[in-house]
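In what follows, a structure is listed as structure tokens, so that the remarks can point back to it.
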């Protein structure tokens, strides 16, 4: 956020960027008016422009009189969503400490867009320097993100993105490419025609949708003899996922493979082992961690499509802090892990 000093040309008024809501409250005008002034969009009376500029100067003066403080960021992740989410939370905390920033992590009820939107909207009234969260693609969440943008608070999405919002960046793998990679591996691993199933964690994760699209696309074009018979929604719940996959296996004894796009990887693998099919069914999943590692070692999971949570956390904090070279889109490499190369993890 920049505006002109009175008669001083295009010079920044401050080092810290006051939030739009903060300036609007001090100037006694709307956030829309502040947005028009700071972005020089015109249509605002000179008297009102002067009020906004005066408010900015006053905020700057107050800030300069304060001792410097570490920037504080709000991080929202889904609760009870497995080991990968826990690892991401741990990595974000470490990344914040390494950069002298405070990462305030809140776990929000999973698959609840209303709860997530509420938490995001609360940030618009708080003192966070930025927000990062694992997105649910829902109108309530989109509106909350846009409200944060209007308040001048930068927003970064983690692992799963959201469309048509004013976010700063998405940090994660290219999920459609990840799904295509899984489709390629499944096609090469399976011998002959047969049935496949897709298991996903929830319809509100764009990442899961993109992975399934990529998976289906490769199979349809390159391996038409492999038929996807069913998509199972485990709602990111291990117990429900285990029950659904167990039922799927019982109804389709000729099943060749299962692709788990995300959520409940361990539950899917456990259901396959319980059915005694660990050496028969091909399973491809996502995210290598201490929950999925035993199943990779045993051969129940044939391949893992992995995204490094440490790299995601580092990139997110660097982006929020405005470091040079910050990513503006998916920039995390897609890794393929099998039991033959996991000793390097």
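Here residue 80 clears all of (1) in a helix (DSSP H, G or I); (2) within 28 Å of the chain's Cα centre (by Cα); (3) at pLDDT 85 or above except the condition numbered (1).
Matching residues to (1) over 15 Å from the mean Cα position of the chain (by Cα); (2) closer than 30 Å to residue 294 by Cα:
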{"site": "73", "(1), (2)": "yes, no"}
{"site": "93", "(1), (2)": "yes, yes"}
{"site": "96", "(1), (2)": "yes, no"}
{"site": "102", "(1), (2)": "yes, no"}
{"site": "107", "(1), (2)": "no, yes"}
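The number of residues in the stretch 188-225 being within 23 Å of residue 279 (Cβ to Cβ), out of contact with any strand residue (DSSP E or B) (no Cβ under 9 Å at 6 or more places or on another chain) and in contact (Cβ under 8 Å) with a residue 12 or more places away in the chain comes to 1.
Mind checking whether some residue in the stretch 51-61 is assigned to a helix (DSSP H, G or I), touching a residue at least 60 places away in the same chain (Cβ under 8 Å) and farther than 18 Å from residue 171 by Cβ? Scanning the stretch 51-61, I find no residue that is assigned to a helix (DSSP H, G or I), touching a residue at least 60 places away in the same chain (Cβ under 8 Å) and farther than 18 Å from residue 171 by Cβ, so the answer is no. Any residue at all in the stretch 226-233 that's part of a loop (DSSP other than H, G, I, E, B), touching a helix residue (DSSP H, G or I) at 6+ places or on another chain (Cβ under 9 Å) and touching a residue at least 40 places away in the same chain (Cβ under 8 Å)? Within the stretch 226-233 (the criterion being part of a loop (DSSP other than H, G, I, E, B), touching a helix residue (DSSP H, G or I) at 6+ places or on another chain (Cβ under 9 Å) and touching a residue at least 40 places away in the same chain (Cβ under 8 Å)), the answer is no, since none of the residues qualifies.
Among the residues of the stretch 189-203, the ones that are modelled with pLDDT of 90 or more and surrounded by fewer than 21 Cβ atoms within 10 Å (Cβ to Cβ) come to 5 in all.
Suppose we keep only residues that are part of a loop (DSSP other than H, G, I, E, B) and under 27 Å from residue 83 (Cβ atoms) within the stretch 234-266. Which one would you say is modelled with the highest pLDDT?
261
In this structure, is residue 250 surrounded by fewer than 23 Cβ atoms within 10 Å (Cβ to Cβ), farther than 23 Å from residue 208 by Cβ and in contact with a helix residue (DSSP H, G or I) (Cβ under 6 Å, 6 or more places away or on another chain)?
Details: surrounded by fewer than 23 Cβ atoms within 10 Å (Cβ to Cβ): yes; farther than 23 Å from residue 208 by Cβ: yes; in contact with a helix residue (DSSP H, G or I) (Cβ under 6 Å, 6 or more places away or on another chain): no.
Taking the combined requirement at face value, the residue does not satisfy it.
Go through the residues of the stretch 213-227 one by one and say whether even a single one is within 21 Å of residue 88 (Cβ to Cβ) and surrounded by fewer than 21 Cβ atoms within 10 Å (Cβ to Cβ).
Checked the stretch 213-227: no residue is within 21 Å of residue 88 (Cβ to Cβ) and surrounded by fewer than 21 Cβ atoms within 10 Å (Cβ to Cβ).
How many of the residues in the stretch 267-304 are touching a helix residue (DSSP H, G or I) at 6+ places or on another chain (Cβ under 9 Å), in a loop (DSSP other than H, G, I, E, B) and either assigned by TED's automatic domain parsing to the domain that holds residue 80 or free of Cβ contacts under 8 Å to residues at least 24 places away in the same chain (or both)? Even if it seems obvious, please write down each step before you answer.
Taking the stretch 267-304 and keeping what is touching a helix residue (DSSP H, G or I) at 6+ places or on another chain (Cβ under 9 Å), we get 267-275, 277-278, 280-298, 300-304.
Okay, now just the ones that are also in a loop (DSSP other than H, G, I, E, B), so 275, 277-278, 280-281, 287-292, 300-302.
Adding the requirement that they be either assigned by TED's automatic domain parsing to the domain that holds residue 80 or free of Cβ contacts under 8 Å to residues at least 24 places away in the same chain (or both) leaves 278, 280.
Residues in the stretch 267-304 being touching a helix residue (DSSP H, G or I) at 6+ places or on another chain (Cβ under 9 Å), in a loop (DSSP other than H, G, I, E, B) and either assigned by TED's automatic domain parsing to the domain that holds residue 80 or free of Cβ contacts under 8 Å to residues at least 24 places away in the same chain (or both): 2 in total.
For the stretch 198-208, enumerate the residues that are under 16 Å from residue 258 (Cα atoms) and in a helix (DSSP H, G or I). Explain how you work it out, then say what you get.
Initial filter on the stretch 198-208 (under 16 Å from residue 258 (Cα atoms)): 198-201, 208.
Within the stretch 198-208, 208 is the sole residue that qualifies.
The values are calculated or read from the model by the stated rules, or taken from the named source; none is laboratory data. Everything numeric here is computed off the predicted structure, so don't read it as measured data. Neighbour counts run over all protein chains shown; Cβ positions are idealised from the backbone, glycine included.
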